[in-house]
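The values are calculated or read from the model by the stated rules, or taken from the named source; none is laboratory data. Predicted, not measured: the structure shown is a model, and the values here were computed from it. Backbone-built Cβ (ideal geometry, glycine too); neighbour counts: all protein chains shown.
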Amino acid sequence: MEDMTMAALQHQASAPAAAAPVQLPLKLRLARLGYRLGGMLAPATAGRFAADAFGRSRMKGARTSFKLPLGAEAFGIVGNQDVQQGYVWKKNGPTALLVHGWGSDSSSMYGFVKPMQTLGFQVASFDAPAHGAAAGHKTTMTRFVNAVGATIDSLDNVQVVIAHSLGSIATVAALSQAGFARSVKCLVLLAAPSALSNVLERWSKDHLQLAPRIVQQVYRHLHADNGVPLSHWDIAVLGAGMQIPVLVLHDPQDPVVPFCEAERLAGSLHNVLLEQAPALGHSRILSAASVKQRVAEFVTDAIST
């Protein structure tokens with residue numbers, strides 16, 4: 001995930017291919033050694049540790065204090081124990097909801113506030129469970145999904161959702177639980193993985209180099225933690241019945257989530273538009289003026305039809 005998995009994957013992917021071998025951080029080398037030994041001596045325990053690491057959103061004690069962003073007001077989120085308040089830039093009109101990625105927080109999405117306000121939208125965001133001002137340092141996709149759903153339920157007339165990275169999976173999953181009967185009229189997915197199991201496979205094999213027996217245990221523990229198998233969190237499956245327009249923007253050289261994930265989304269969702277956002281990586285795609293402009297154009301077209 002973006003703090004403990006996405007960032008690590010990005011570090012490895014950004015290393016020059018033709019250069020001399022990069023010295024891996026001592027912490028990563030020790031982790032690989034520990035999991036190698038754990039795989040031989042106690043694979044179930046090693047799998048539990050790896051599952052906990054995969055679900056970590058930040059280091060212990062790194063919680064952000066609740067602080068209202070400039071121009072925003074707090075609003076209550078009903079029916080969710082993990083997340084009980086969010087931020088809203090009030091305006092008379094429908095709402096655009098911003099959903100951040102794993103290991104990040106709502107502030108990463110603030111660049112879309114002004115473009116959406118200019119289009120006449122009230123804009124809202126929130127910190128996902130164990131992110132930003134929310135308590136905890138690790139969470140599950142199930143809890144993230146429930147928080148997205150509760151946030152939509154607590155807001156008035158959400159017509160647009162803009163989501164980044166793993167927040168995209170949480171968003172589509174939340175909408176699918178409602179049978180797409182909500183007011184949402186269009187969806188923007190930025191640097192989105194198509195399935196959580198793909199993220200785990202890259203993290204476990206490329207980053208930690210876990211033995212297959214440990215990976216099997218990770219899947220088992222995450223199934224128990226989430227209440228559903230990890231394969232459940234698949235946008236292609238969860239979004240199969242979605243008819244609303246979807247814009248997928250992705251850097252073809254994204255070092256964290258490969259472009260083939262965006263291509264899979266384009267091939268599996270209805271009414272989807274896939275566009276490249278070159279040279280922006282996994283995170284800078286959120287701040288690029290060209291991306292904000294394209295998102296605004298897409299939303300304008302989608303709402304007007």
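Are there any pairs with C-beta distances below 8 angstrom linking a residue in region 276-292 that is under 15 Å from Pro115 (Cα atoms) and buried (at least 21 other Cβ atoms within 10 Å of the Cβ) to a residue that is among the basic types (Lys, Arg) and at pLDDT below 95, with the two at least 6 apart or on different chains, and if so which?
Pairs that qualify, where the first residue is under 15 Å from Pro115 (Cα atoms) and buried (at least 21 other Cβ atoms within 10 Å of the Cβ) and the partner is among the basic types (Lys, Arg) and at pLDDT below 95: there are none.
Listed here are the residues, each with its yes/no results for (1) part of a helix (DSSP H, G or I); (2) in contact (Cβ under 8 Å) with a residue 24 or more places away in the chain.
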residue	(1), (2)
Thr171	yes, yes
Arg202	yes, yes
Ala236	yes, yes
Ala240	no, yes
Pro252	no, yes
Pro255	no, yes
Cys260	yes, no
Glu263	yes, no
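List pairs: first residue in region 37-62 and surrounded by fewer than 16 Cβ atoms within 10 Å (Cβ to Cβ), second residue not small (Gly, Ala, Ser) anywhere in the structure, Cβ distance under 6 angstrom, at least six positions apart or on different chains.
If the second residue must be not small (Gly, Ala, Ser), the pairs left are Ala44/Gln217; Lys60/His137.
Return the residues of region 63-77 that are hydrophobic (A, V, I, L, M, F, W, C) and buried (at least 16 other Cβ atoms within 10 Å of the Cβ); say none if nothing qualifies. Walk me through it before giving the result.
Taking region 63-77 as the starting set, the residues that turn out to be hydrophobic (A, V, I, L, M, F, W, C) are 66, 68, 70, 72, 74-75, 77.
Residues satisfying the conditions are Ala72, Phe75, Ile77.
Just one of the numbered conditions (1) touching a Leu at 6+ places or on another chain (Cβ under 8 Å); (2) assigned to a helix (DSSP H, G or I); (3) among the basic types (Lys, Arg) is not true of Arg182; which one?
Status for Arg182: all satisfied but (2).
Name the one entry in Ile162, Ile169 that is closer than 23 Å to Lys91 by Cβ and under 13 Å from the mean Cα position of the chain (by Cα). Before the answer, list the steps.
On the way: Ile169 fails: closer than 23 Å to Lys91 by Cβ.
None of the others qualify; the one that does is Ile162.
Within region 141-149, can one find any residue that is at pLDDT 95 or above, hydrophobic (A, V, I, L, M, F, W, C) and in contact with a strand residue (DSSP E or B) (Cβ under 7 Å, 6 or more places away or on another chain)?
yes
Checking the condition part of a loop (DSSP other than H, G, I, E, B) and in contact with a helix residue (DSSP H, G or I) (Cβ under 9 Å, 6 or more places away or on another chain), which residue from Gly149, Gly111, Gly167, Gly132 passes? Don't jump to the end; show me each part of the working.
Working: Gly149 fails: part of a loop (DSSP other than H, G, I, E, B); Gly111 fails: part of a loop (DSSP other than H, G, I, E, B); Gly167 fails: part of a loop (DSSP other than H, G, I, E, B).
Gly132 is the lone residue from the list that is part of a loop (DSSP other than H, G, I, E, B) and in contact with a helix residue (DSSP H, G or I) (Cβ under 9 Å, 6 or more places away or on another chain).
Being assigned to a loop (DSSP other than H, G, I, E, B) and without any contact (Cβ under 8 Å) to a residue 40 or more places away in the chain is the filter here, so list the residues in region 73-85 that pass it. Show your work before the answer.
Pass one, region 73-85, residues assigned to a loop (DSSP other than H, G, I, E, B): 77-84.
Result: Gln81, Gln84.
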